[in-house]
Every structure is written in C-alpha cells, then in structure tokens.
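What follows draws every value from the coordinates through simple rules; no lab data is involved. These figures come from a predicted structure and were not determined experimentally. Please note: Cβ atoms are built from the backbone with ideal geometry, for glycine as well, and neighbour counts cover all protein chains shown.
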Amino acid sequence: MEKELIRFENISKSFDSTDVLKDLTLSIHENEFVTLLGPSGCGKTTTLRILGGFEMPDSGRVFFDGMDITSLPPNKRQLNTVFQKYALFTHMNVAENIAFGLKIKGQDKSMIREKIAYSLKLVGLEGYEKRSPSSLSGGQQQRIAIARAIVNEPKVLLLDEPLGALDLKLRQDMQYELIRLKEELGITFVYVTHDQEEALTMSDTVVVMNQGRIQQIGSPEDIYNEPQNAFVADFIGESNLLDGIMVRDCLVNIGGLDFPCVDTGFGTDNPVDVVIRPEDVELSSSGEGQTKGRVISIVFKGVHWEMHVESDIGITFLVKTTDHFPVGSTVGISVDPYNIQIMHKPVSEDAQVYGQDESSEGEGYEP
Amino acid sequence: MKSRGILGKIYIFLVMLFLYSPIAVLVVLSFNNSRSRVVWGGFTTKWYRVLIESKSIMEALGTTFILAILSALFASILGLFGAIGIYSMRRRNYRIMLFCTNIPLLNADIVTGIALLLWFVRFLPLGFSSVLLAHITFNIPYVILCILPKLKEMDVHQYEAALDLGAGEAYAFVHILIPHILPGVLSGFLMAVTMSMDDFVITYFTRGAGVNTLSTLIYGELRKGIKPEMYALSTILFFVVLILLILVNLPYERMFSKRTIKKKVNIEK
Ligand SMILES: Nc1ncnc2c1ncn2[C@@H]1O[C@H](COP(=O)(O)OP(=O)(O)OP(=O)(O)O)[C@@H](O)[C@H]1O
Ligand SMILES: [Mg+2]
C-alpha cells in the first residue's frame, strides 16, 4: 500500500443540533481512488467539504501529508474540487474559467495558454476556449469543471457526484474517461456518489456510509462479496437478507433448515444476519435440492431472468438465473456453502441506524 | 366580456387622469407666457431662462445633485456590505435584520426627519454634512433591497470554487461576487439618487440655515407667492426623477423580456 496522504481523525459535525457526521475516522492513500458511497443525506458532501476546507468539524482533526489542516482555509490546501453542480463562473468564458487558478498563482500568459489547451485536450474539448459555460451541455460543463480543477495540478481531486446530472450513456462514458484521467495524472481521487454500481466500477476503495457513520471500508469485491452488516448488503446490489441462527461453526439454520456454510467464530445458537445474493441461489427443475419451492413470478431482464421463488421453509427468495422456469412450477433450491455470507446482528447504534433507515424508506427485505 | 374590457379601459383612463393631469398642467404652465394660471398667453421658454440666471436656484440645483450623488455613493458602499452581511445570516437573524431594514422605508418621513434632527443638533452643526448623513441613512435600505435578490440568485458554490482554486477572500469578492451583483448595486445606486432628489421632509428638518436643495427652495419660494419659474423648476425635477426611475427599471425589464422570449422558443420546440 502506498503512503498515507489524508487522515480524518474522529470527525464529528452537526448542523442546528442534528448530527451529520459521527466520529468518522478514515485514511486515504496516495494515488488511491476512494469513493464515499451512501444514501442521500448520509453526510458524503459534508465529509468532502470538510476535506476541501469549506466546513469546520465540531471535533476531530484532518491531516494532509502528515500536517494538521483542520483549520486551514480552502485556498491554502493542495487539493481541488469538482462541485456537485459544477459551479463554473458564468460571467467568464471557458478559457478564463480554466485560467482562474493559474492567474492567481501568477503564471505567465503563454504558459497559461498552453496549459488551457492541454487540459481541454485531456477532457476532449479542444477549441472550446471562447465558449461561454451556459452554451455547453451538462456533460461538457462537467468536463470543463474537471479541466479547471486538474489544470492546477492538485495532489488530490475531490469530486462530488460529478456524473449525477448526466444521462446513463454519457455517465458510463464519463466513468471510463475519469478512470483514464486518473491514470494519466497519477493523483488521488476522492469521489462521492450514491450510485453503488458507479462506486464498484471505478474505485480502489469504497467507503460505505449511512447516517453519518462509516459502515464498511473495503475494495469493491470485499464490499460486494463480504458485506459486514445488513445495511451494506442491502445497499450494495440486491440480495436476500435473511434471519438465521448460527448452530455452530459452518452450519446455519434458516427458517428451520440447516445450511452448511464456511463462516466460523459466530458462537453457537446465536442469531445472525444471512446474505445470499440472488445469482447464488441455484434452482433445479427436478425438484432436488436443499429445499423445494414454487416460482411465483418471473421477469426477463436482458441477460438473465429475475424471479421470486416461494420456498417450503417459508422464505421467498429473489433469484437471478439464465434458465427459464414457468410460473407455478416446482423447483429445487440449493445454495453453495461458499455463497452464504454470515453477519453479526447489528448491536445498539448500528441497529438503530439500520432500523431507522428501513422504516424511513419503507423498503422491507425478506422476512 | 367586451363590456368588461371597455369598463377596464375607462377605469385605467380615470386613474391616469387623476395621477398625471396635475403634472401635465404644471408642465404646460411652465411654458405659459403669462403669469396667470388660467389664461394661455402663448409659448415661451423665458421661465427657464429666469431659472438659469437665478443664482440661488443654480446653487440649490448644484447642492441637490452633489447631495444625490454623494449620498447614493456612500449608501451603495455601506448597503453592499450590509446586504452581504444580512444574506449570510441564518434564517432567524436574516428575518430580523430584514425587518429592521424595512422600518425606515415605511416610517413616516417626518418621524425620521425629527429623529435625525434631534441627533444632529446634539452632535454636529446643521448644514450640508448633516443633510448628507440624513440622506445616506434613508438611502441604505433601498440599496440593500436592490442587492439582496441578486445575492439570492447567485450560486454560492461559485464563490467557494474561487476559494478552492486558490483565491483569497478579497480576490474572490472582487472577481466573482461583485460581477454577479453589480446590476443590483447599480440599480440600488440609481434608486438612491432618485430618493435623495425626491426628498423634502427629511432635508427640511436637517438642513439648518443656508443650505437649500431644489425641493426646499421651491417650498420657500412658494410661501412668498407662486412664481412661474417654479413651474419650470418642478418640471425639470420631475423629468430628471422620471428618467432615473426608467433607468432603474430598465435592466429588470430587459432581463424579463429575454426570459419570456426563451420560454416561448422552448415551447415552440
Ligand atoms: N449548511 C447546512 N445547514 C444545515 N444542514 C445541513 C447543511 N449542510 C448539510 N446539512 C444536512 O446534513 C445532512 C448531510 O448532508 P450532506 O450534504 O453531507 O449529504 P449527502 O450525503 O451529500 O447527500 P446527497 O447525496 O443528497 O448529496 C443532511 O441532512 C443535510 O440536510
Ligand atoms: Mg451531496
């Protein structure tokens, strides 16, 4: 792992007596692509604004390259931000926008002109110098905002949902563009999104947040395959979230039926949360398997079928498979031990966090 | 439907008649070659000539303009900072401050005039400077009310983006904030000029002896008997204020028409 560049240490922040960030601790390394991921209002932008210097934490400290920068003003920080709504200077043209930071640093005119041209080339908008920001499309404005930030050669680029306003196709194109840019520039990206797919596609490290708390930090694979709690499992992709009882190591009881698994260290006869991804539920037409079930709905999703299968153990599974089973048919259900993910039942605060989230969104998961 | 349209037109005509016929009479009389108020003695510009030749009137004119420009200038600067301060307040204080700003606007001029007089006689000799201070005082709220909407329209993130790109607060203020709210500052300035030229009561109370603006001069002269050159003077004052008011409203009108045109185009698409 590369050298640590940024460290948040026990950051707390509240607005008008509502806590927005609660004891947040996080390190970000050089050349890392870190994504803050979480539902709307969980404190992602606030975290980024604290790093940018636009917001002071109530307690805790922020370090940059080993130096305490908690109270350093934004213009003294070696990082640049691409704002959620771009924030281009509407009374200046594209070139003046990009030159803004360079002029303040007092660079000479020919140098500035060269850098403008270079940065426009990087974002694929050569020749746009004289255009006014309001004459550009959302995607183009977004690229100008990126050009304006990277032309200052920051050590870290902060991006707050930079693709939020773009349509799906453009968003996917821009995702690759951003990854390419990051590789070309070799700098650290701190990226904010509430789109889990975007986070998984682009990041080296994903930080899942909910209600001002970090829920899990890990690589996209870790976050997807080994969610540490029910919130993460539910937020990252669709999943079957089940209540289970850990009978002993490597054996979990779900709905009265014992399933072998590979997790250990959860004690004996302890209630646990169990995650089974929809693509890991295996169906067989012969009706053989760990249990049986009846197909109650099936929808074609392009590459796969998505169906609900009501099982004999009283659980309705969400299943994704490339095989087609007609509604009403009886199928066998089985799950590979490796694909059963066991998680501790959340204790106290996390329990609250998840409980609140669930009731507020009214989006239940499997009983 | 149709009769309602006609009634509406008659109504508007009557309102206009009541509002503007006195002024029209005044303007006509200022060109009347007769001292009578009812007999038309032919067209003349001699009252205007008398005006120009009168030393006291020219002095009052000068005082009025200098007063208007200076008070508007100071009020614009103070109002600019005031508006920014109020804008950045949290919701409750914002409301309170806005309320405080509005009070002098709605307050009877005579109360403001007497209140200021009480202060001035205690602390400084009445004269040009006391009138100037009074005008600055009642002009500030107008400036604030012109600038606040511009601040609300502006995207705060642009200011933050400037800081992010390395600008100090002063630099961001001059290069980002000012260009955005300049139209508001300008219309505030023009508004203040208008209000200053328009004022009689407050000036009358705070001027002391010797200082005359056009309005106090006209009032003084009228008490001695009505002279036709006063019609001419009032006519000039009316048109100057009218032009200023048009200037104040022009930028908004233009922006509005541009927007409606855009909307229409969008609908057509
Ligand atoms: N300046 C502020 N004053 C008061 N409350 C604020 C302020 N900024 C943020 N908040 C509150 O803090 C909480 C977190 O806001 P934040 O902008 O960090 O969320 P977010 O995760 O970026 O959400 P989104 O995905 O919608 O952008 C929200 O409940 C918001 O209402
Ligand atoms: Mg946000």
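Okay, here's what the table says:
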read-out	value
The protein assembly as shown, dipole about Cα centre (Lys/Arg Cβ +1, Asp/Glu Cβ -1), debye to the nearest 20	6300
Rg to Rh quotient for segment A:1-142, alpha carbon positions, Kirkwood Rh	1.02
Segment B:57-268 pair-distance distribution - Cα-Cα, 10 Å bins, rounded %	8, 27, 30, 20, 10, 3, 1
Simple label model, 7 Å out from Cα along Cβ direction - B:CYS100 to B:VAL201, nm	2.4
With Cα atoms, 0 to 90° folded angle of helix A:168-185 axis to chain A main axis	60
Which of A:LEU163, B:THR45, A:GLY289, positive extreme of dipole for the protein assembly as shown (C-beta unit charges)	B:THR45
Normalised per residue, the volume of the convex hull around the Cα set of segment A:158-229 (Å³)	98
Within straight-line cross-link reach of A:LYS3, aspartates and glutamates at Cα separation under 20 Å, skipping those fewer than 8 residues along the same chain	A:GLU30, A:GLU32, A:ASP65, A:ASP68, A:GLU153, A:GLU183, A:GLU184, A:ASP204
Taking all pairs of distinct alpha-carbon atoms in chain A, Kirkwood radius in angstrom	23.0
Distant-in-sequence amide H partners of A:GLN216 (H built 1.01 Å from N, under 5 Å)	A:VAL208
Mean ellipticity per residue at 222 nm, deg cm²/dmol - from DSSP H runs of n ≥ 4 across the protein assembly as shown, formula -39500 (n - 2.57)	-16500 deg cm²/dmol
Against the rule of thumb 2.2 N^0.38 Å, how large the Cα Rg of segment A:104-206 comes out	1.11
Semi-axes of the equivalent ellipsoid for segment A:230-345, Cα gyration tensor, largest first, Å	25, 16, 11
Angle in degrees between helix A:348-361 and the longest Cα principal axis of chain A, rounded to the nearest 10	90
Net +/- balance of residues flanking B:THR112 in space, Cβ distance below 15 Å, scoring K and R +1, D and E -1	-2
DSSP H segments from chain B that extend 18 Å or more along their own axis, Cα-based, with Kyte-Doolittle mean of 0.5 or above	B:2-30, B:55-87, B:109-123, B:128-153, B:178-198, B:228-268
Binned Cα-Cα distances of segment B:1-92, short to long, each 10 Å bin given as a whole percent	13, 18, 20, 21, 21, 7, 1
Cβ-defined net charge surrounding A:THR321, 15 Å radius [Lys, Arg +1; Asp, Glu -1]	-4
Listed residues A:THR90, B:VAL143, B:LEU132: farthest to the positive end of the dipole of the protein assembly as shown (Cβ charges)	B:LEU132
Translational diffusion coefficient (Stokes-Einstein; Kirkwood radius from C-alpha pairs) of the protein assembly as shown at 25 °C, 0.890 mPa s, in µm²/s	79
